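> To start, I am sharing the structure in question, which I have written as structure tokens.
The values are calculated or read from the model by the stated rules, or taken from the named source; none is laboratory data. Only a predicted model underlies this, so the values are computations on that prediction, with no experimental measurement involved. When we count neighbours, we look across all protein chains shown, and the Cβ atoms used for this are built from the backbone with ideal geometry, even at glycine.
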Amino acid sequence: MIAIIAPAPIGVPALVALLIGLAGFVAALLFVRFRRLRRGEAGAEVSSRSGRGIWLQGAGFFCVAFGPLRPTLQAASAASLGQAVMVAVLVGTCIGLFLSAATAMSSN
């Protein structure tokens, strides 16, 4: 497989943070869906642009996690823990933006 960019060394904590972030994103999607159903908005039409955005985020998670993963960094090393923190911050930001946009759109 030819990579677009040179592979970077990764650590297990960053992979765990990515998987937790994926589970958090799925939980956020379900939260928004069930909140809409509870409010009686089940028949409300969902914008196709919104659906495409959700699929695009899902595809982004898939592209990041796709391919052979060979953790090469020691789990307790500073680089490995730094990666995990950055992944957690980025994924948390994405989930926060999604939830804030869903909240703003439902109040309109």
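> What pairs can you find where one residue is in region 86-108 and closer than 13 Å to Arg36 by Cβ and in contact (Cβ under 8 Å) with a residue 40 or more places away in the chain, the other is in a helix (DSSP H, G or I) and charged (D, E, K, R), and their Cβ atoms are less than 9 Å apart, with a gap of 6+ or different chains?
Pairs that qualify, where the first residue is closer than 13 Å to Arg36 by Cβ and in contact (Cβ under 8 Å) with a residue 40 or more places away in the chain and the partner is in a helix (DSSP H, G or I) and charged (D, E, K, R), are Ala102/Arg35; Ala102/Arg36; Ser106/Arg35; Ser106/Arg36.
> Hey, can you tell me all the residues within region 64-79 that are more than 11 Å from the chain's Cα centre (by Cα) and at pLDDT below 80?
From region 64-79, those more than 11 Å from the chain's Cα centre (by Cα) are 66-79; that's our starting set.
Those that are more than 11 Å from the chain's Cα centre (by Cα) and at pLDDT below 80: Phe66, Gly67, Pro68, Leu69, Arg70.
> While we're here: For residues in region 22-56 being touching a Leu at 6+ places or on another chain (Cβ under 8 Å) and modelled with pLDDT of 80 or more, which is nearest to Leu90 (Cα to Cα)?
My answer is Ala28.
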